[in-house]
Amino acid sequence: MDGKGQLVKRGWARAPLFWYDRSLIRSPQRRILEADRYAVFSDRFALLFEVFDGGYLGEISVTVANFSEKSSETDSFRIPFSFGSLALPESSEVGSIKIRQKHINLDFAAMEKGHRLIKFDIPALGHRRGLRGALVFTPPEEAESIVTVAPWRRDKRAFRYSRRSPWYAVEGMVRFGAKDLLFTKNHGWGVFDWQRGVRPHSDFRYWATACGLDGDRQVAFSVGYGAVDSSSGTDNAFFVDGKLQKLNQVTFHITPKDWLEPWRFTGDEGRLDLTFEPLLERAEHKGLLFYSIKRRQVFGRFSGQFRLENGEIIKITALAGFAERIKTRW
């Protein structure tokens, strides 16, 4: 950024090129937004872990979604006027987060060679059934991420620096009440979503992601759109064994009256065509004073095809993932 707090460099990359430094941001602390989020999928379950610092409001949350029962449970701990007190790392490649609260113990740790470790103990989640366990995230060799730096269209001092890595293999065991949720080789997948920046006064964002296998190859994607200025590069990408295939604009075709009807995702270049079969929906609304965040989140399975840059067609069938819309206002 320059001395006025506006971006000098913008665009997309396959790896983080910039170091984020909160102290150099010229905007008020209340406008700074920082978040680390992990999504974990198997054929039967999804887990979401989020540490969010929105200035006026911070939150640590954990969600368990059961595909067969079409149900979900969420536990969260809110921190009014967090203003950076959660001490989220300035890098998406190193550092750790340790949360020790009465109802949530949560550790995010970046380890050597791109591995990540999550440990957690939430005694009261799911009507006091409790959730505890540990998960190891293993990246493909020489994996690439979709990394973007972009301003908002109507507020040039607002920006988002993001990294999304949707290609982790996840292994571990989770105890949820009396159930054991197992994530094993070729049956456990993870997505890492890292966000830093300055938010505008209002924002909306759609995002969808999934990961799994196509034969013996790992396939994954991260697609979305919103109010951010993506003219220098979208954060849409498809991945094969961790290697990035860049996409331009992607359209979400949603039935407005019923989000549990099938969705369709299409790319403007004709390379992406996916169908999303929703299984369950989760909605949340959190706020403090005049600050609010509304989220609609739908879990399900993706099928369809993607055309690689060399013309090869990749077909995917029933990949577990989720899609969401987030609206914020302050």
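No value in this document is a laboratory result; all are computed from the given coordinates. Only a predicted model underlies this, so the values are computations on that prediction, with no experimental measurement involved. Note: ideal-geometry Cβ built from the backbone for every residue, glycine included; neighbour counts use all protein chains shown.
Results, tabulated for the structure shown:
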quantity	calculated
Semi-axes of the equivalent ellipsoid for region 120-164, Cα gyration tensor, largest first, Å	35, 22, 6
Fewest-first ranking of 1, 173, using other Cβ atoms within 10 Å as the exposure measure	173, 1
Ordering of 159-165, 251-257 by burial proxy (mean other Cβ atoms within 10 Å per residue, highest first)	159-165, 251-257
Normalised alpha carbon radius of gyration of the chain [divisor 2.2 N^0.38 Å]	0.94
Region 39-97 shape via C-alpha gyration tensor axes, a/c threshold 1.5	oblate
Shape parameters for region 105-227, alpha-carbon atoms, Rg then Dmax in Å	17.2, 51
Entries in 9/246; 4/156; 257/294; 113/185; 246/327 that, when Cα-Cα distance is taken, lie over 22 Å	246/327
Projected-area average for region 1-158 over all orientations - Cα convex hull basis, square nanometres	11.1
Sequence-distant residues sharing a close amide H with residue 247 (under 5 Å, placed H)	236, 237, 238
Distance (nanometres) between label positions extended 7 Å along Cα→Cβ at residue 124 and residue 187	3.4
Dipole magnitude (debye, nearest 20) for region 50-191, charges at Cβ of Lys, Arg, Asp, Glu	440
Contour minus Cα-Cα distance for residue 268 and residue 17 (0.36 nm per residue)	87.6 nm
Listed residues 68, 39, 56: farthest to the positive end of the dipole of region 14-99 (Cβ charges)	56
Dipole axis of region 111-167 (+1 Lys, Arg; -1 Asp, Glu on Cβ), positive-most option in 123, 146, 133	123
Estimated dipole of region 11-329 in Debye, rounded to 20 [Cβ of Lys and Arg +1, of Asp and Glu -1, Cα centre]	1180
Binned Cα-Cα distances of region 59-131, short to long, each 5 Å bin given as a whole percent	3, 13, 21, 20, 17, 15, 7, 2
FRET efficiency, residue 87 to residue 312 (Cβ-Cβ, R0 56 Å, nearest 0.05)	0.80
